[in-house]
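The values are calculated or read from the model by the stated rules, or taken from the named source; none is laboratory data. Model, not experiment: these values are computed from the prediction. Here Cβ is always computed from backbone atoms with ideal geometry, including for glycine, and neighbour counts include all displayed protein chains. Only protein heavy atoms, including side chains, enter the accessible area calculation; ligands, DNA and RNA are left aside. Shrake-Rupley method; radii C 1.70, N 1.55, O 1.52, S 1.80 Å.
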Amino acid sequence: MRSASPRGYGALPSHAAAPAPSSAPSAVHRGAALVSSVREQGRALIATQRPWGQLLDSAALGRPSSAGEAISRLRRNLTYFRSNYALFVLLALAIGLIWQPAALAAALILAAAWFFLYLARDGPLVLFDRRFDEGTVLGALSLATFLALVSTDLGSNVFKSVGVGLLLVGMHAVFRITDDLFMDESEAVSGGLVAGLGGPGRPAFVVRVV
């Protein structure tokens, strides 16, 4: 139904146009995207791991003859077993948190706060009839995380667990002999072990890590 304009400029619609749908992603979509991204990163990490039997082969352990050989082994093993080492450090962190239920609870509370108050939020945060912009929320969450790390057992537990994991990784990388390790061109270049040849159509080659 249309009504006449008082000045004679034609008919005007008697109802307002429907608002255009918002193109901003909803909190559900953002949360799903975050979970999907984490899942894909985990799958990529697992897919690129080396056989654990090769990593834990006791016959391939030996004392380096010099500091230079130790550094060379460290670089090559960190490049070759990087996915296994990352999974091992994550396992050490998980064990450390499970061993301390209070630290695990604090970590879960912080993770939930980051997810619901920052990552999965699609608008300004409103608490007690007050609006908080994104910068304020980010600063408050960062401060809360810092305080939780330095004033509770969570921080010391995380640092100890990751430190123990990195120490064991470094020791293994130094003592693991590299005579039986082989990498393709892309892996060697990404690890800084050889210079990339570049150019399309160049055939890939296998690098023996010695």
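Computed quantities for the displayed model
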quantity: Residues of region 89-161: accessible area per residue with a 1.4 Å probe, Å²; calculated: 67 Å²
quantity: q = 0.13 Å⁻¹: log10 I(q)/I(0) that the Debye formula gives for region 35-154, counting C-alpha atoms only; calculated: -0.80
quantity: Extended-chain gain in nm, criterion 0.36 nm per residue less alpha-carbon gap, R43 and A105; calculated: 19.7 nm
quantity: Label-point separation in nm, T136 to A86, each point 7 Å along Cα→Cβ; calculated: 3.7 nm
quantity: Stretchable slack from L167 to F146, in nm (0.36 nm times residue separation minus alpha-carbon distance); calculated: 5.1 nm
quantity: Dipole in debye (nearest 20) - region 37-134, about Cα centre, beta carbon charges: Lys, Arg +1; Asp, Glu -1; calculated: 400 debye
quantity: Point-to-point label distance, I95-F116, nm (Cα→Cβ direction, 7 Å offset); calculated: 3.3 nm
quantity: Amide H partners (placed H, <5 Å) of L181, local residues excluded; calculated: V209
